[in-house]
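First up is the structure itself, then whatever we jot down about it.
The values are calculated or read from the model by the stated rules, or taken from the named source; none is laboratory data. Keep in mind it's a predicted model, so treat the numbers as computed, not measured. Positions of Cβ are generated from backbone atoms using ideal geometry, with glycine treated the same way; all protein chains shown enter the neighbour counts. All accessible areas refer to the heavy atoms of the entire protein, side chains included, with ligands and DNA or RNA removed. Shrake-Rupley method; radii C 1.70, N 1.55, O 1.52, S 1.80 Å.
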Amino acid sequence: GAAALEPTTLPLPTVVGEVAPVEVITTPSGRRVIDFGQNLTGHVRLAVQGEAGAVVTLRHAEVLEAGELGTRPLRDAAATDTYTLAGGGVEEWEPAFTIHGFRYADVAGWPGGARAAAAAIADGAVHAVVVHTEMERLGAFACSDERVTRLHENSRWSMRDNFVALPTDCPQRDERLGWTGDIQAFAPAAAFHYSCAGLLASWLTDLAIEQRAHGTVPWYAPVIPGGFWTPPEPAAVWGDAAAVVPWELFRATGDAGLLERQYDSARAWVDLVDSLTAEDH
């Protein structure tokens, strides 16, 4: 059948900064792992020189386990990029169509071996490129206790890591889904950190479309047919996103238009909850 298409209101993901390596680690098994000192979402940019056909392989992960790259939390995600050199001078490369959630990158196949790789990295040949949906930073916080200030920064970085086109719950593993329960809880903090109404308004449109299709607010939006927890069933906290997220964005921005656009979705969820409860609720 015919589908009604609407122009997106979603701000596009873009490069928002770079992070330089803080250390090159030699693991117990002898592999070389770059530590960027900060969990982030994005990819690695290389400047490498070598013979045609040489292959540089990058594996990404957020943590180390027993001193090695911690790929266990990735589940089935390969989180691996490979670059085959053309040869003849310095080649600069970065992937154009993928992102990873990582702090560490395992590097293999660097022309000249481990020492050449370490020297090149120390000379600025490798950077982590930070990517997320374009948003203006709004809130800031600092205090006399560096641990509390860092906790706030961790929250902000977690938001940056998970706001790439839709609000996910983690960027590193084999699914990046717009889980409704997570953003329902995080919406007030998100609105403090960044001007995220553009991304979330677009996502709420997706949520409302899925809600009409399934008769309930799904566990995540957009829904993957046959994916996790399908068909969706009504659930507190997750379904509450239909009412809570628009309300928190209204509190943060004063945009009554957003409330108006999401009113039918919010009302449908509240009415569904009412229909499923006993007389005393």
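Scan the stretch 170-192 for residues that are out of contact with any Pro (no Cβ under 9 Å at 6 or more places or on another chain), open to solvent by 20 Å² or more (accessible area, probe 1.4 Å), modelled with pLDDT of 95 or more and within 15 Å of TYR220 (Cα to Cα) and the total you get is 2. Filtering the stretch 157-178 to residues that are in a helix (DSSP H, G or I), of a type outside the set (S, T, N, Q) and out of contact with any His (no Cβ under 6 Å at 6 or more places or on another chain) leaves TRP157, ASP161.
Checking THR57, THR84 one by one, the residue that is without any contact (Cβ under 8 Å) to a residue 40 or more places away in the chain, open to solvent by 30 Å² or more (accessible area, probe 1.4 Å) and not hydrophobic (A, V, I, L, M, F, W, C) is THR84 and no other. The lone criterion from (1) in contact with a Pro (Cβ under 9 Å, 6 or more places away or on another chain); (2) touching a residue at least 40 places away in the same chain (Cβ under 8 Å); (3) open to solvent by less than 20 Å² (accessible area, probe 1.4 Å) left unmet by GLU134 is number (3).
Taking the criterion of being touching a residue at least 40 places away in the same chain (Cβ under 8 Å) and open to solvent by 40 Å² or more (accessible area, probe 1.4 Å), the residues of the stretch 114-123 that qualify are ALA114, ALA122. In the condition set (1) in contact with a Lys or Arg (Cβ under 9 Å, 6 or more places away or on another chain); (2) open to solvent by 50 Å² or more (accessible area, probe 1.4 Å); (3) closer than 26 Å to ALA77 by Cβ, TRP229 is compliant with all but (1).
Would the stretch 98-106 turn up any residue that is open to solvent by less than 50 Å² (accessible area, probe 1.4 Å), touching a Pro at 6+ places or on another chain (Cβ under 7 Å) and of a type in the set (Gly, Ala, Ser)? Yes, the conditions are met somewhere in the stretch 98-106. You will find that of LEU276, LEU259, LEU204, the residue that is open to solvent by 60 Å² or more (accessible area, probe 1.4 Å) and of a type in the set (A, V, I, L, M) is LEU276 and no other.
Only one of (1) part of a helix (DSSP H, G or I); (2) farther than 19 Å from ALA165 by Cα fails for GLY181. Which number is that? Failed condition: (2).
Take the residues in the stretch 222-247 that are β-branched (Val, Ile, Thr) and part of a helix (DSSP H, G or I), then tell me which one is nearest to ALA201 (Cα to Cα). In this case the residue turns out to be VAL245.
Taking the stretch 1-36 as the range and being surrounded by 13 or more Cβ atoms within 10 Å (Cβ to Cβ), under 28 Å from LEU166 (Cα atoms) and out of contact with any helix residue (DSSP H, G or I) (no Cβ under 9 Å at 6 or more places or on another chain) as the test, the residues that pass are PRO13, VAL15, GLY17, GLU18, VAL19, ASP35, PHE36. In this structure, does VAL223 turn out to be among the β-branched types (Val, Ile, Thr) and open to solvent by 30 Å² or more (accessible area, probe 1.4 Å)? Judged against the criteria, VAL223 is not a match.
Taking every residue in the stretch 243-260 that is over 15 Å from TYR194 (Cβ atoms) and at pLDDT 95 or above and pairing it with any residue that is assigned to a helix (DSSP H, G or I) and of a type in the set (S, T, N, Q), at least 6 positions away or on another chain, the pairs with Cβ-Cβ distances below 6 Å are VAL244/GLN184; PRO246/GLN262.
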